[in-house]
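Single-structure report; data block below.
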Amino acid sequence: MLLFIRVFLVLYGLIALVTGFHAATGTYDPNVAPMADNSHRFIAAIWGAMSLAFFYVAWYPYEVTLFRFLMIALFVGGIVRLIALVNYPPTPALIMLILLELIPTALMWWMHSKLLDNGTF
């Protein structure tokens, strides 16, 4: 169980680092309002910085509060993506992202709780 948790934490960390960096440093599109562009870059930078937290918790899985914060953040992100589908049709990529944010996070929370209950950390 711990290996599964660590692998997914590193995976989420890599996704956050790559996508956050890409979005924060992307070229400016003049068709996008400056405030929207600025907000998107700010949120992308925070998402990219969260990669450090994913890597940290992968190394120190007994950091329960930080682990749970990250799982809640990902799960809520998946719920928001799911709700947003009322505005546009789902694509395979969006479905994959939603599932990646909802299913592993719930499994990881459960596994982490079991490991804590067993005193494995």
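The values are calculated or read from the model by the stated rules, or taken from the named source; none is laboratory data. Owing to the predicted nature of the structure, the values given are computational and were not obtained by experimental measurement. In this analysis, Cβ positions are derived from the backbone assuming ideal geometry, glycine residues included, and neighbour counts consider all displayed protein chains. Areas reflect the complete protein model, heavy atoms only, side chains present, ligands, DNA and RNA absent. Shrake-Rupley method; radii C 1.70, N 1.55, O 1.52, S 1.80 Å.
Could you tell me whether any residue of segment 64-78 is more than 18 Å from Ala16 (Cα to Cα) and either touching a residue at least 40 places away in the same chain (Cβ under 8 Å) or of a type in the set (A, V, I, L, M) (or both)? Checking segment 64-78: at least one residue is more than 18 Å from Ala16 (Cα to Cα) and either touching a residue at least 40 places away in the same chain (Cβ under 8 Å) or of a type in the set (A, V, I, L, M) (or both). Among the residues of segment 30-40, is any modelled with pLDDT under 95, touching an Asp or Glu at 6+ places or on another chain (Cβ under 9 Å) and open to solvent by 90 Å² or more (accessible area, probe 1.4 Å)? Among the residues of segment 30-40, not one is modelled with pLDDT under 95, touching an Asp or Glu at 6+ places or on another chain (Cβ under 9 Å) and open to solvent by 90 Å² or more (accessible area, probe 1.4 Å), which makes the answer no. Just one residue in the set Leu74, Leu17, Leu52, Leu9 is surrounded by fewer than 16 Cβ atoms within 10 Å (Cβ to Cβ) and in a helix (DSSP H, G or I); that residue is Leu52. From the list Ala44, Ala16, exactly one residue is among the hydrophobic types (A, V, I, L, M, F, W, C), farther than 22 Å from Leu3 by Cβ and at pLDDT 95 or above. Which is it? Just one listed residue meets the conditions, Ala44.
Across segment 20-29, what is the total count of residues that are open to solvent by less than 90 Å² (accessible area, probe 1.4 Å) and either over 23 Å from the mean Cα position of the chain (by Cα) or on the phi > 0 side of the Ramachandran plot (or both)? So that I can check it myself, show each step before the final result.
So the first thing to find is which residues in segment 20-29 are open to solvent by less than 90 Å² (accessible area, probe 1.4 Å), and the list is 20, 23-26, 29.
Now restrict to residues that are either over 23 Å from the mean Cα position of the chain (by Cα) or on the phi > 0 side of the Ramachandran plot (or both): 29.
Residues flagged as open to solvent by less than 90 Å² (accessible area, probe 1.4 Å) and either over 23 Å from the mean Cα position of the chain (by Cα) or on the phi > 0 side of the Ramachandran plot (or both) within segment 20-29 amount to 1.
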